[in-house]
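Since the structure comes first, as structure tokens, the remarks are kept for the end.
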Amino acid sequence: MENKKISRRRKRRSAEDIEDSVFLATEKLIIEKGFKDVTFTEIMKLAGVEPQVMYRRFDTLEDLFDKFIRRYDYWFIDLVEFNLDEKDPVTSMKNILTGLANSLYKNPIMQQILIWEVADGNKLTNRIALNRELHSASLLEFFRSNLPKKVDFDCFTSLLIGGIYYLIIRRERSTFCEIDFDKVEGSKLLTNTIEQLINTVYKSESTNTQIEEVALSLLQQGVDENVISISTKLPIQTINKIKQKIKG
């Protein structure tokens, strides 16, 4: 009996399969090496994709990165949509920022995107950073409208988010102020402190506002300024400012 030759063809992959393979390879290499040190050739080899097929889908490495990043960036937008409560904006802020920290801890690609933005200013990293700002605009406006106005919300939030980013993306280098943010204890301390800071700033602001409203009411009733100052523990200068509002 003659041996029959059996022709075996490689199963042709769909465009979706090829793209998935490319993005999986890109993700693996970026986690290992960071964006700056990954090459187009490395991704092709790891994904098992021929050059002519690769170039039909991605013009350049920058084009590949652009499409890849769209899958991962703005990851906290979904988190935001479920945590906004006009009746309790302070709790909303705590939920969003602690959620941001917890999410970033689990997202090595987003960590690499942030590192790349800082290390390499180019057309793509500039656009990524700007788009994140645009996606956050409605969120910022929500808190500006619903939180007490005495603290500059934008600056305060910038300090918190910048601190979260920095402490998480450099946590493997060393401790920071003798805290190991690469350990569970350090990550819990970070989120707990975020909550404490927000409470300290906005709960105290809310209390001060209520006291000033009491002082305003007493002034309108003709109560002596010194009596109000002693009763509310507000400085006489603050009482005078409140008095000016009445005259104004």
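Rounded to whole Å, give me the distance from the Cα center of the stretch 33-47 to that of the stretch 180-248.
Centre-to-centre distance over Cα atoms comes out at 54 Å.
Comparing LEU234, LEU100, LEU197, which has the greatest mean-square fluctuation in the GNM of the chain with Cα pairs linked when under 10 Å apart?
Maximum among the listed residues: LEU234.
Could you give the angle, 0 to 90 degrees to the nearest 10, between helix 153-169's Cα long axis and the longest principal axis of the Cα atoms of the chain?
Value to nearest ten degrees: 40.
For the chain, which whole percent of the accessible surface, found with a 1.4 angstrom probe, sits on carbon and sulfur atoms?
52
Loop-only trypsin sites (Lys or Arg not before Pro) in the stretch 152-210, please: DSSP not H, G, I, E or B, and at most 15 other Cβ atoms within 10 Å.
Sites meeting the loop and neighbour criteria: ARG170, ARG173, LYS183.
GluC sites (Glu not before Pro), restricted to the stretch 77-176: which are DSSP loop and have at most 14 other Cβ atoms within 10 Å?
Filter output for the stretch 77-176: GLU86, GLU172.
Considering the Cα positions of the chain, please state its Rg to one decimal place and its Dmax as a whole number of Å.
Cα-based Rg and Dmax for the chain come out at 27.3, 117 Å.
Using the Cα centre as the reference, give the magnitude of the dipole from point charges on the C-beta atoms of the stretch 83-233 (Lys, Arg: +1; Asp, Glu: -1; all else neutral), rounded to the nearest 20 debye.
520
Under a straight-distance cross-link criterion of Cα-Cα below 28 Å, which lysines are reachable from LYS28, leaving out those fewer than 8 residues away in the same chain?
LYS11, LYS36, LYS45, LYS67, LYS106, LYS123, LYS183, LYS188
Is the C-alpha gyration tensor of the stretch 146-216 telling us rounded, prolate or oblate? Criteria: a/c under 1.5 is rounded; beyond that, a/b larger than b/c is prolate, otherwise oblate.
prolate
Using 5 Å bins from zero, what percent of all Cα-Cα pairs in the stretch 172-248 falls into each bin?
3, 13, 18, 13, 9, 7, 6, 7, 8, 8, 6, 2, 0
Against the longest principal axis of the chain, how steep is helix 204-220, in degrees 0 to 90 to the nearest 10, with axes from Cα atoms?
30
Using the heavy atoms of the protein chains alone and a 1.4 angstrom probe, what is the accessible area of the stretch 45-188 per residue in square angstrom?
Normalised by residue count, the accessible surface of the stretch 45-188 is 58 Å².
The stretch 34-171: Rg/Rh from Cα coordinates, Kirkwood Rh?
Rounded to two decimals, Rg over Rh is 1.06.
Once you have all Cα-Cα distances for the stretch 130-180, histogram them in 5 Å bins from zero and send the whole-percent values.
Whole-percent P(r) values from 0 Å outward: 4, 16, 20, 21, 13, 11, 12, 3.
How far apart, in nm, are two points set 7 Å out from the Cα along the Cα-to-Cβ line at ASN122 and at ASP66?
Taking the two extended label points, one gets 1.2 nm.
The values are calculated or read from the model by the stated rules, or taken from the named source; none is laboratory data. On a predicted model such as this, the values are computed, not experimentally measured, just so you know. All Cβ positions, glycine included, derive from the backbone under ideal geometry; neighbour counts span all protein chains shown. Accessible surface areas use protein heavy atoms only, side chains included; no ligands, DNA or RNA. Shrake-Rupley method; radii C 1.70, N 1.55, O 1.52, S 1.80 Å.
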